[in-house]
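The values are calculated or read from the model by the stated rules, or taken from the named source; none is laboratory data. Keep in mind it's a predicted model, so treat the numbers as computed, not measured. Ideal geometry is used to build each Cβ from the backbone, glycine not excepted, and the neighbour counts take in all protein chains shown. Note: accessible area is taken over every heavy atom of the protein model, side chains too, but ligands, DNA and RNA are not part of it. Shrake-Rupley method; radii C 1.70, N 1.55, O 1.52, S 1.80 Å.
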Amino acid sequence: MNILAVDTAGKTVGVALLQDDRLLYECYLDAGMTHSETLMPLIDNCLKFCGMGCKDIDLYGVNAGPGSFTGLRIGLSVVKGLALPRQIPCAGVSTMAALAYGLAGEGTVIGAQDARRGQVYWGAFDLATHTRLTEDAAAPVTELENFVQSCKKPLFFVGDGATLCYNTYKSVPGVVCTPPALQVLRGAGVALAAKALWENGECVPPAALLPDYHRLSQAERERAEREKTKGASE
């Protein structure tokens, strides 16, 4: 099985090609360019270097969320466009799961993406088996305290919100500071998470691939606040 996976959930972009259990190709880019500029050329290079075309892909994997609203939409739109002509199955991968699958070892891993305003998108997994321990959520960093205090140790934070979490909980016994180079979202993590969804029968046709934002966009929040203020003044 050939799985083409893309990550556009954060500031970086990643592409990977997994053939059964063999990682044929992986690219990670953090050059400050937009995903709309970089994603298609990276996919094109991936397929060319692996001697393949879209006709050879059996499954597409992509981060469905949570993460950057714009980034998620770009990744999902590209994957839908590639998958629709041949109705190739798609795996909408949790960003937190992709982060967890990008790391291996023993203990607990928390995927944490910066959601701004002192909040993170987060989800916890057993590091050895990648079994989910919590549902994905958006919450202030301080709301992770009960889980951090009671979870299986050692505990690793990964994602662009990892430093924020580590700075908050570094005094808790068993919390390990993951090297920055290992905290990043990877296309390989998306591919492995997509493979797990396939094996569990949880993939969908391209048209059914949808984002999972986990909270309202800034525009929607501002609109709700205006309506709330207007209602209070009437």
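A few remarks follow.
- Of the residues making up region 119-127, one or more are touching a His at 6+ places or on another chain (Cβ under 8 Å), over 17 Å from Leu182 (Cβ atoms), part of a strand (DSSP E or B) and at pLDDT 95 or above.
- With respect to (1) in contact (Cβ under 8 Å) with a residue 40 or more places away in the chain; (2) not in a helix (DSSP H, G or I), the lone exception for Gly32 is condition (1).
- Test: Ala98 is closer than 15 Å to Ala162 by Cα and modelled with pLDDT of 95 or more: yes
- The residue that is surrounded by the most Cβ atoms within 10 Å (Cβ to Cβ), among those in region 44-103 that are within 14 Å of Gly10 (Cβ to Cβ) and aliphatic (A, V, I, L, M), is Leu99.
- For beta carbons closer than 7 Å, sequence separation of 6+ or different chains, a first residue in region 186-215 that is within 24 Å of Ala139 (Cβ to Cβ) and a second that is open to solvent by less than 50 Å² (accessible area, probe 1.4 Å) and among the aromatic types (Phe, Trp, Tyr), the qualifying pairs are Tyr213/Phe69; His214/Tyr121.
- Thr134 open to solvent by less than 50 Å² (accessible area, probe 1.4 Å) and either within 23 Å of Ala162 (Cβ to Cβ) or in contact with a Lys or Arg (Cβ under 6 Å, 6 or more places away or on another chain) (or both): yes
- Sub-8 Å Cβ pairs linking a first residue in region 41-58 that is more than 12 Å from Tyr25 (Cβ to Cβ) to a second residue that is open to solvent by 50 Å² or more (accessible area, probe 1.4 Å) and part of a helix (DSSP H, G or I), at least 6 apart or interchain, are Cys54/Pro85; Cys54/Arg86; Lys55/Arg86, ordered by first then second residue.
- In region 10-43, the residues that are within 17 Å of Leu76 (Cα to Cα) and touching a Ser or Thr at 6+ places or on another chain (Cβ under 7 Å): Gly10, Val13, His35, Leu39
- Test: residue in region 168-182 that is within 25 Å of Asp30 (Cα to Cα), modelled with pLDDT of 95 or more, open to solvent by less than 80 Å² (accessible area, probe 1.4 Å) and in contact with a strand residue (DSSP E or B) (Cβ under 7 Å, 6 or more places away or on another chain): no
- Taking residues in region 155-181 that are assigned to a strand (DSSP E or B) and of a type in the set (Gly, Ala, Ser), and partners anywhere that are modelled with pLDDT under 95 and surrounded by fewer than 19 Cβ atoms within 10 Å (Cβ to Cβ), not one pair has Cβ atoms closer than 7 Å while being at least 6 places apart or on different chains.
- Extreme residue, nearest to Ser68 (Cα to Cα), among residues of region 137-163 that are open to solvent by 70 Å² or more (accessible area, probe 1.4 Å) and either among the acidic types (Asp, Glu) or touching a strand residue (DSSP E or B) at 6+ places or on another chain (Cβ under 7 Å) (or both): Asp160
- Residues that are of a type outside the set (Asp, Glu), more than 20 Å from Gly107 (Cα to Cα), in contact (Cβ under 8 Å) with a residue 60 or more places away in the chain and in contact with a Gly (Cβ under 9 Å, 6 or more places away or on another chain) do occur in region 132-145, at least one of them.
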